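Visitor: To start, I am sharing the structure in question, which I have written as C-alpha cells.
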Amino acid sequence: MFAVQFLSEADLAGAADPLLGVIAFGHELPVGLRAVCLELPLRSLATDRPPCFEGWTCTGPVTLYEEQGFSLAAGDGLLFGAISVEAGPGLEATTRDLYTRLFSVIGQAGCPNLIRLYNYVPDITALQAGEERYRLFNAGRRTAFLAAGIDPQSAPAASALGMGGSKLHVYFLASSTNTLRVENPRQVSAYHYPQRYGAAPPLFARATIAGPETGQPVLLVSGTASIVSHESLHPGDVAAQTDEVMRNLRAIFDECSAQGFEMDEVRQLKIYVRHGLGRDAVVERLETMAAPDRMVWLEADICRPELLVEIEAVCRLKRRRQPA
Ligand code: 3EB
C-alpha cells in the first residue's frame, strides 16, 4: 500500500519508505530527490510554518522512468505520475491529448485502475473565445475517456483547481488492483450534472477507496465544495460554505460506513481558499477534523466563481468484519 503525508525538507531527506512522488506548493523542491517531482504555482497560506511538501510513499522498491511526457514512479503495484504542459488557447485539445497519453501510460504499466487525479488548470474560470476554460478542460477530458473506451462512471476521485501561470499540471496515482468509488447522496454525481454547467460534464467520483480488500484501505476524497444537489450554496459567505463542505465530507464518510468501512483517521486535508480570504473562519471549523500538521492551506481558484473554499481529504479506513 501507499501513504501520503506532509513532510518538511528534513523529513524528505530522511524518509524511511521509498518515495513515489513529491509535490511542492509555491516553493522549490530540494534538489536530488529520487521521486517524481512536481512544483505547483499555488501560494501556501500558512506562512507561519516552514515549507512542507506532499510526499507519496510505498513499501516496495520504486523504479523511475519517463514516458509520453510523464514523469513516472512504479512500485508495489502502484504507478505515480506527473506532467506539466503549456495550456493556452488550445486547452481542450491539450487536455484531450494529455488524458489520452495518461490512459496509455497506466495501461502499459499494468496499473489501469486510477485511484486519484489532481488537475491544476491555468485561468480556470476565464473565458476563451466565449467558452469558460473549465468547460474546455471538461470537454477534452471527456473526449479522452470516451476515445479510450473508459466508462465515465469509473472515473476516480479528482480535484480541479485554478491558478495563474501558463501550464496545466496533472498528477495521479494508479493501481494494478481494483478500487471502489463512493458517491455523495447529498450531491448529484458530477458525471450527471445538468447541461447548464457545460455540454460535457466533469468526470470524477466523490471519493475512491484504494485497497478495499486489504487490511488498510485508504479513502481519497475529491475536492469538496459548497454544492448540494448540483447547486452552489451560500455565495459570498465563506463560513457557511465551509459548514456545507463539512456536511458533504460527513455524508461521504457515512456512505463509506454504509459500505462497511469505518473512519480510522484523517491523514491529510488540503484546503483551497479563493484569494486566500476568510481563512480564519475556515480554520475554526476544521479544528476538530485533524491536527494542524496534517493540513495544508493554499490559495487557488475554485472552478465556479461563486465558490470560495474547497477541501480534499485522505483518510485511513478500517474494514468492518464481514458478517459470518
Ligand atoms: C464540484 O463538486 C466542485 O472537475 O475534476 C471538484 C472535484 C470539482 C473535481 C473536476 C471539480 C473536479 O463540482 C469542483
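Just so it is clear, none of the values below were taken in a lab; they were calculated from the coordinates. Treat the numbers as computed from the prediction; the structure is a model and nothing was measured. Ideal geometry is used to build each Cβ from the backbone, glycine not excepted, and the neighbour counts take in all protein chains shown.
Visitor: With a Förster radius of 25 Å, plug the Cβ-Cβ distance of residue 247 and residue 287 into 1/(1 + (r/R0)^6) and report the FRET value to the nearest 0.05. Intermediate results must be reported in sequence, preceding the final value.
Guide: Numbers: r = 17 Å, r/R0 = 0.66.
That gives a FRET efficiency of 0.90.
Visitor: What whole-number distance in Å separates the alpha-carbon centres of segment 275-301 and segment 121-190?
Guide: Here the two parts' Cα centres lie 24 Å apart.
Visitor: Can you compute the label reach from residue 176? Point 7 Å from Cα along the Cβ direction, backbone N cut-off under 17 Å, restricted to segment 76-102.
Guide: Counting only backbone N, you get 76-81.
Visitor: Less than 18 Å from a label point 7 Å out along the Cα-to-Cβ axis of residue 239: which backbone N atoms in segment 266-283 qualify, by residue?
Guide: Counting only backbone N, you get 274, 277-283.
Visitor: Follow-up. Which net charge results when you count Lys and Arg as +1 and Asp and Glu as -1 among the other residues whose beta-carbon is under 14 Å from that of residue 79?
Guide: -1
Visitor: Sorted from fewest to most neighbouring beta carbons within 10 Å, what does the list 44, 257 look like?
Guide: Ordered by Cβ neighbours within 10 Å, fewest first: 257, 44.
Visitor: So what's the net charge close to residue 275: Lys and Arg +1, Asp and Glu -1, counting the other residues with Cβ under 12 Å from its Cβ?
Guide: Cβ neighbours under 12 Å give a net charge of +1.
Visitor: Starting from the 7 Å offset along Cα-to-Cβ, what nm value, one decimal, do you get for the label separation of residue 9 and residue 128?
Guide: 3.6
Visitor: Still on this structure: With +1 on each Lys and Arg Cβ and -1 on each Asp and Glu Cβ, and nothing else charged, work out how big the dipole of the chain is about its Cα centre, in Debye to the nearest 20.
Guide: Working: 29 positive and 37 negative charges, 140 e Å.
Its charge dipole is roughly 680 debye.
Visitor: Of 295, 1, how do they rank once you tally other Cβ atoms within 10 Å and put the fewest first? Kindly include the intermediate steps, with their values, before the conclusion.
Guide: Values: 295 22, 1 17.
Lowest to highest Cβ neighbour count: 1, 295.
Visitor: Residues with amide H under 5 Å of residue 188's amide H, sequence separation 5 or more or different chain, H placed in the peptide plane at 1.01 Å from N; which?
Guide: It is 229, 230, by chain and number.
Visitor: Starting with the highest mean, order 313-320, 191-198, 14-21 by the number of other Cβ atoms within 10 Å, averaged over the residues of each peptide.
Guide: Values: 313-320: 19.4, 191-198: 13.8, 14-21: 17.6.
Peptide ranking by packing, descending: 313-320, 14-21, 191-198.
Visitor: Ranking 234, 169 by Cβ neighbours within 10 Å, fewest first, what do you get?
Guide: On the way: 234 18, 169 23.
Fewest-to-most Cβ neighbours within 10 Å comes out as 234, 169.
Visitor: At a Förster radius of 30 Å, what calculated FRET efficiency corresponds to the Cβ-Cβ distance of residue 195 and residue 85, to the nearest 0.05?
Guide: After rounding, the FRET efficiency stands at 0.60.
Visitor: Would you mind putting 74-85, 216-227, 276-287 in packing order, based on average other-beta-carbon counts within 10 Å, highest first?
Guide: 216-227, 74-85, 276-287
Visitor: Which residue, chosen from 111, 271, 235, occupies the Cα position most advanced towards the positive end of the dipole of the chain, where the dipole is computed from +1 (Lys, Arg) and -1 (Asp, Glu) charges on Cβ about the Cα centre?
Guide: About the Cα centre, the residue reaching furthest to the positive side is 111.
Visitor: So if I place +1 on the C-beta of Lys and Arg and -1 on the C-beta of Asp and Glu, and nothing else carries charge, what would the dipole magnitude of segment 176-324 be about its Cα centre? I want it in debye, nearest 20.
Guide: Details: 18 positive and 20 negative charges, 104 e Å.
The dipole of segment 176-324 has a size of about 500 debye.
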